[in-house]
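Please read the structure below before turning to the comments.
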Amino acid sequence: MLMREEILFWLREKDPEKLKELWARADRLRAENVGDAVHFRGLIELSSFCRRNCLYCGIRASRPGLTRYRLTREEALSCVQKAVDFGYGTVVIQAGEDPGIDQNFITDLIREIKARSSLIITLSLGERKEEEWIAWKEAGADRYLLRFETSNQILYNAIHPKAPDTVWPNRLDLLRRLREIGYEIGSGVMIGIPGQSIDDLARDIELFQELDLDMIGCGPYLAHPDTPLGKIEQDPDLGKQYGLPATEDPVESSNEMAFKVIALARLVCPSANIPSTTAIATIDGKQGRTSGLSRGANVIMPNLTPMEYRALYEIYPHKAAALETAEQTHAIAIDQVKSIGRFPGSGPGGRKK
């Protein structure tokens, strides 16, 4: 167990030679606990509709001029077949908080995936009603991803306005309830949100351990320029307008800081599944993804979404692989894994507690 002082030390460390110690320690712990396999989770971006108005997100409800889409059952199952063909063990079904995707649609989709394959199903559909989570678990869903984004509740509330019918006090309660229902749970944070302090980020990392997360996803904060927070770089005073807390110890939104959090996540949750995220690859391409895998990560999430929809799921701009086919994304990912002496995993790739 890491003490707060050690977490803060590494988050503030800038010496590349000293950081090599952290990278090596995390990579060694990764090898000891989850091995050299890199597990591929096939990502299916089901819908770009969303009822929420998060201040940084490119698919926020009130963003004007955005072409929205929602995959049909057949389109989603076509993506699933690609996951089977590529030998993946898991599909991740992700969407905005779309009220147009109802309980029965997802239930039917889960049952059909299970009937056609041995794939593990991870859902990432935002805050939903408890009866929906229960129905989907009973239908065969295995895992649920929901990032708590920041442990600073003032900051969280400022950038995530509540929907009118929000029933959960906070996402930590939601994650605990999902665990009780029987899901493996995944969560994580954005790194470098305006108003986020180094102390906030240290608390986030402590929460990974307290929640006993099965999956931990962390990436640099990337705001879409056509959103309220996307305009802060041009007008820093907007932070006060949106109620962002002031801090004298801000977190940098960078891949280096993301790598620190990945490495520290591995240290506090040695057996968790930790991806080298799309946001990291967006900033630094191949080098970003392989660096993440060399600093504690053991998962990547190749995109299976049909080409005609990928660019429309624009939560932030210039998203990695937005202009690739699923086959191209898969081939690139295989090459990246092999380039660092690792190999694609097989089977469900669940957490080994």
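If you take the Cα centroid of segment 218-267 and the Cα centroid of segment 89-112, the two points sit 30 Å apart.
Seen from all sides and averaged, what is the projected area of the convex hull of the Cα atoms in segment 203-310, in nm²?
8.6 nm²
Across segment 1-48, counting alpha-carbon atoms alone, Rg and Dmax equal 16.0, 44 Å.
The Rg/Rh ratio of segment 38-183, with Rg taken over Cα atoms and Rh as the Kirkwood radius over Cα pairs, comes to 0.96.
The convex hull defined by the C-alpha atoms of segment 139-261 has an orientation-averaged projected area of 8.8 nm². Glu184 contributes an accessible area of around 50 Å² to the protein surface, as traced by a 1.4 Å probe with all chains present.
Sorting Ser294, Ser117 by solvent-accessible area of protein heavy atoms yields Ser294, Ser117, largest first, with a 1.4 Å probe.
Can you put Arg63, Arg73 in order of accessible area, largest first, using a 1.4 Å probe?
If we order Arg63, Arg73 from most to least accessible, we get Arg73, Arg63.
Excluding ligands, DNA and RNA, the accessible surface per residue across the chain is 41 Å² with a 1.4 Å probe.
When the C-alpha to C-alpha distance is required to be over 29 Å, the pairs from Lys231/Lys319; Lys82/Lys231; Lys114/Lys352 that qualify are Lys82/Lys231.
Between rounded, prolate and oblate, where does the chain land on the alpha carbon gyration tensor, with a ≥ b ≥ c its root eigenvalues, rounded for a/c under 1.5, else prolate if a/b exceeds b/c? In terms of gyration-tensor shape, rounded.
Given 0.36 nm per residue, what is the gain on full extension from Met307 to Lys353 after removing their alpha carbon distance, in nm? Intermediate values should be presented prior to the final figure.
On the way: separation 46, 0.36 × 46 = 16.56 nm, distance 3.73 nm.
Extending this stretch completely gives an extra 12.8 nm.
With both bridge residues required to lie in the chain, what share of the DSSP beta bridges run antiparallel, to the nearest 5%? Roughly 5 percent of the DSSP beta bridges within the chain come out antiparallel.
Among 92-102, 257-267, 336-346, 25-35, how do they line up from the highest to the lowest mean number of other beta-carbon atoms within 10 Å?
Values: 92-102: 19.4, 257-267: 26.0, 336-346: 15.2, 25-35: 17.1.
With the highest mean Cβ count within 10 Å placed first, the list reads 257-267, 92-102, 25-35, 336-346.
Note on segment 303-353 and segment 150-204: Cα centroid distance 26 Å, given to the nearest whole angstrom. Our coupling estimate for segment 44-61, obtained by passing each phi through the Karplus curve with A = 6.51, B = -1.76, C = 1.60 and θ = phi - 60°, is 10, 8, 6, 7, 9, 6, 8, 8, 8, 10, 4, 5, 10, 8, x, 10, 4, 4 Hz, Gly and Pro reported as x. Counted residue by residue at 0.36 nm each, then reduced by the alpha carbon distance between them, the extension gain from Arg177 to Asp335 reaches 53.0 nm. With the simple model of a label 7 Å out from the Cα in the direction of the Cβ, Ala37 to Ala115 spans 2.9 nm. For the residues Phe86, Phe148, Phe49, a GNM of the chain with alpha-carbon springs under 10 Å puts the largest fluctuation on Phe86. In this simple spin-label model, placing a label point 7 Å from the Cα along the Cα-to-Cβ direction at both Tyr156 and Gln81 gives a separation of 4.1 nm. For segment 137-150, backbone phi angles converted through the Karplus equation (6.51, -1.76, 1.60; θ = phi - 60°) give residue-by-residue couplings of 5, 5, 6, x, 5, 10, 9, 9, 10, 8, 6, 7, 6, 7 Hz, Gly and Pro being listed as x.
Relative to the current alpha-carbon distance between Gln328 and Glu13, full extension at 0.36 nm per residue lengthens the span by 109.7 nm.
The values are calculated or read from the model by the stated rules, or taken from the named source; none is laboratory data. Treat the numbers as computed from the prediction; the structure is a model and nothing was measured. Note that each Cβ is placed from the backbone with ideal geometry, even for glycine, and that neighbours are counted across all protein chains shown. Quick note on the areas: whole protein, heavy atoms, side chains included, nothing else; ligands and nucleic acids left out. Shrake-Rupley method; radii C 1.70, N 1.55, O 1.52, S 1.80 Å.
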